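The values are calculated or read from the model by the stated rules, or taken from the named source; none is laboratory data. Everything numeric in this text was worked out from a predicted model, so none of it was measured. Backbone-built Cβ (ideal geometry, glycine too); neighbour counts: all protein chains shown.
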Amino acid sequence: MNEILASSPNPDLFSAAQAVAAGTDFAELSVSPAGLFWNEYRPQDAASRIWRWSNGATTCLTPDGFSVRSRVYEYGGGSFCLTDESLAFVNEADQQIYLQPFDAHTPQALTQSDKRYGDVRFARGQILAVEEDHDVHRLVAIDLADGQRHVLAEGADFYAAPTLSPDGNRLVWVEWWRPHQPWTSTRLLSVERQPDANWGRPHCLAGGLGLEALQQPRFDAQGQLYCLTDRAGFWQPWVETLEGFEALPAAESDHAPAPWQLGGSSWLPLNEGAYVASWSQDGLGVLGVRLPDGSFEDFSGPYSRFRSLALDDQYIYCIAASATSPSAVLAISRADKSVQVMAGGIAPLPAERISLPQTLRYPSGSGEAHGYFYPSMTGDEKPPLVVFIHGGPTSACYPVLDPRIQFWTQRGFAVADLNYRGSAGYGRAYRQALFLEWGVVDVEDACAVVDYLGNQGLIDPSKAFIRGGSAGGYTTLCALAFKDVFRGGASLYGVSDPLALAKATHKFEADYLDWLIGDPDTEIARYQERTPLLHANQIKVPVIFFQGELDAVVVPAQTRDMLAALLDNGIPAEGHFYPEERHGLRKASNQAHALETEWAFYRKVIDG
């Protein structure tokens, strides 16, 4: 490996360490008279901290020893909110809610328990939150004055988005039951305050029949209720009327991603049916204000993905990125659309050295698949290809600057970043295409893109590799075991034994595999057919593995068994295990090591 690395023709090549260092990201914007606040993650120390912009100055509020991150449902989200005089946040280490006055440096615990909290929201002297008590979930309100806890709703398997009306007399939320996921079937519930100040009996406003998934309920300033629902095929804004919910004018596109995390904000109502939202158009993100007559005003500018929307009278705030700019916190003037970059947005490479995404839409199986193609930056006529498979698997990739992709294109590889069938962002039917078909349609799409790009003369199909993490690792291993398309691959904490995963996984995903493959008790043959570990003898190409030793989702033994099976069969294989990592590599040094090692592994395969 050292000889290969040393033989790199350009010592100034964009390094793995630089690619990882450029991975600073942002989440969860909030705005108030006290300023603009956001959560910033830096890979250098794998910590998340709250930053504040006020009166032209930017300040980090999170002291050493704290990291702002919820772990409710394992994926967290909604980790902080603003009260009238303070910041309320979930501390990563103990999952408790802390209060930190805007002018003070030392946070004070508001809760002290063995429970976990997420989706925190401030409402009339209380913090509303999703509470996780081992495998029991509920909605609670916690008094700021004395920490007194009040149960608002319990009994459902999962809760999200507790939202109070402006007058404080109505509370709505989203809930769902196993075996559903929040992108397959949810309900919107409402409860009203009684004359004695207690809450009445909740009633269902929409959902619950398995035909729609609702998310992000919102009240406007006048108390009108809105919600995103995919009952018409895409997550779009609907408004409550006396007859139920009616659709607002909207693009035929998803206005939100799959809600893996709590606290998402991809749209906000304005007034009288107008709203600001982000949606996808021709593979690119759009930020716009939609008016009641159906017309819209485009605020996208040069950016192609928008998250964490917030508003005040002057600005639309968001986290945005483009093909040449990494994530940035933006303030976009509502009057003239001028943009202020509050944080981030500094590209690790000059624009002329960045490979730009080209939208992919190609035939696969009985349908078609989507993604983005990044050409090699070394000018080779038919370069080798790396196919990126995202995790989830009900997740998505986006056409924005990803330093990891640039690492590969700088080294002469083309990259296909796939939104295979089952990915979010293309409507309910596309998302549902993975129902009972995991390990089949996603694998078809991964293989079909090699054929498609090869026929276009854009890559050398005999030098195609595939890589993925977690669920993407499963697709990778299935493609290597059941198809003869790829020269090699990389599984990053990938699933090799879905039955073992079903026994060990957490409540949020406890029934996910039933949806993706089938009931493990009655469909055992199907599981066996789609278990890479049972078919390791069919893998004839080199594979490299990366695994956290503390991973409780894909346990290290699963990866060791897969690695041993390949080595026993005489297949070149490597395993790299990281003692302090869990499910996913968070430490910058480990991320850089994995990226550099994977590249060296592929070079050895190509060079023979």
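Do we have Arg404 as charged (D, E, K, R) and crowded, with 21+ Cβ neighbours inside 10 Å here? So Arg404 does not fit the description; no. Scanning segment 115-145 for residues that are assigned to a loop (DSSP other than H, G, I, E, B) and either of a type outside the set (D, E, K, R) or at pLDDT below 95 (or both), we see that the one that is surrounded by the most Cβ atoms within 10 Å (Cβ to Cβ) is Leu144. Taking every residue in segment 225-242 that is in contact (Cβ under 8 Å) with a residue 40 or more places away in the chain and among the small types (Gly, Ala, Ser) and pairing it with any residue that is surrounded by fewer than 21 Cβ atoms within 10 Å (Cβ to Cβ) and part of a loop (DSSP other than H, G, I, E, B), at least 6 positions away or on another chain, the pairs with Cβ-Cβ distances below 9 Å are Gly233/Glu252; Gly233/Gly427. Scanning segment 317-333 for residues that are over 22 Å from the mean Cα position of the chain (by Cα) and either buried (at least 17 other Cβ atoms within 10 Å of the Cβ) or under 18 Å from Phe26 (Cβ atoms) (or both) turns up Ala331, Ile332. Note on segment 23-83: enclosed strands (runs of 3 or more DSSP E) holding 2 or more residues that are under 21 Å from Pro326 (Cα atoms) are 25-32, 35-42, 47-54, 57-60.
Does Val554 meet the test of being out of contact with any Cys (no Cβ under 9 Å at 6 or more places or on another chain), assigned to a loop (DSSP other than H, G, I, E, B), under 24 Å from Asp451 (Cα atoms) and not polar (S, T, N, Q)? Outline the logic, then answer.
Numbers: out of contact with any Cys (no Cβ under 9 Å at 6 or more places or on another chain): yes; assigned to a loop (DSSP other than H, G, I, E, B): yes; under 24 Å from Asp451 (Cα atoms): no; not polar (S, T, N, Q): yes.
Spelling it out, it is not the case that Val554 is out of contact with any Cys (no Cβ under 9 Å at 6 or more places or on another chain), assigned to a loop (DSSP other than H, G, I, E, B), under 24 Å from Asp451 (Cα atoms) and not polar (S, T, N, Q).
From Gly422, Gly371, grab the single residue that is within 17 Å of the chain's Cα centre (by Cα) and not in a loop (DSSP other than H, G, I, E, B). Residue meeting the stated conditions: Gly371.
Has segment 14-31 got any residue that is over 30 Å from Glu574 (Cα atoms), exposed (fewer than 15 other Cβ atoms within 10 Å of the Cβ) and among the acidic types (Asp, Glu)? The answer is no; no qualifying residue exists.
Which residues, taken from segment 466-492, are of a type in the set (Lys, Arg) and either in a helix (DSSP H, G or I) or surrounded by fewer than 24 Cβ atoms within 10 Å (Cβ to Cβ) (or both)? If you could, list the steps in order and put the result at the bottom.
Applying the first criterion (of a type in the set (Lys, Arg)) to segment 466-492 yields 467, 483, 487.
The answer is Lys483, Arg487.
Contact map, segment 495-519: residues that are closer than 18 Å to Leu534 by Cα paired with residues that are among the hydrophobic types (A, V, I, L, M, F, W, C) and modelled with pLDDT under 90, Cβ distance under 6 Å, separation 6+ or inter-chain. Pairs shown: Val495/Leu501; Val495/Val554; Leu513/Ala502.
In segment 435-465, how many are within 30 Å of Val553 (Cβ to Cβ) and assigned to a loop (DSSP other than H, G, I, E, B)?
Let us first name the residues in segment 435-465 that are within 30 Å of Val553 (Cβ to Cβ), namely 435-450, 464-465.
With assigned to a loop (DSSP other than H, G, I, E, B) added as a condition, the list becomes 435-440.
Within segment 435-465, residues that are within 30 Å of Val553 (Cβ to Cβ) and assigned to a loop (DSSP other than H, G, I, E, B) number 6.
Please pick out the residue among Pro101, Pro43 that is out of contact with any Pro (no Cβ under 6 Å at 6 or more places or on another chain), closer than 25 Å to Glu581 by Cβ and either surrounded by fewer than 22 Cβ atoms within 10 Å (Cβ to Cβ) or modelled with pLDDT under 95 (or both).
On the way: Pro101 fails: closer than 25 Å to Glu581 by Cβ.
The unique qualifying residue is Pro43.
Considering each of Gly391, Gly379 in turn, give the residue that is over 29 Å from Leu477 (Cβ atoms), part of a loop (DSSP other than H, G, I, E, B) and of a type outside the set (D, E, K, R).
Numbers: Gly391 fails: over 29 Å from Leu477 (Cβ atoms).
Selected residue: Gly379, the only one of Gly391, Gly379 that is over 29 Å from Leu477 (Cβ atoms), part of a loop (DSSP other than H, G, I, E, B) and of a type outside the set (D, E, K, R).
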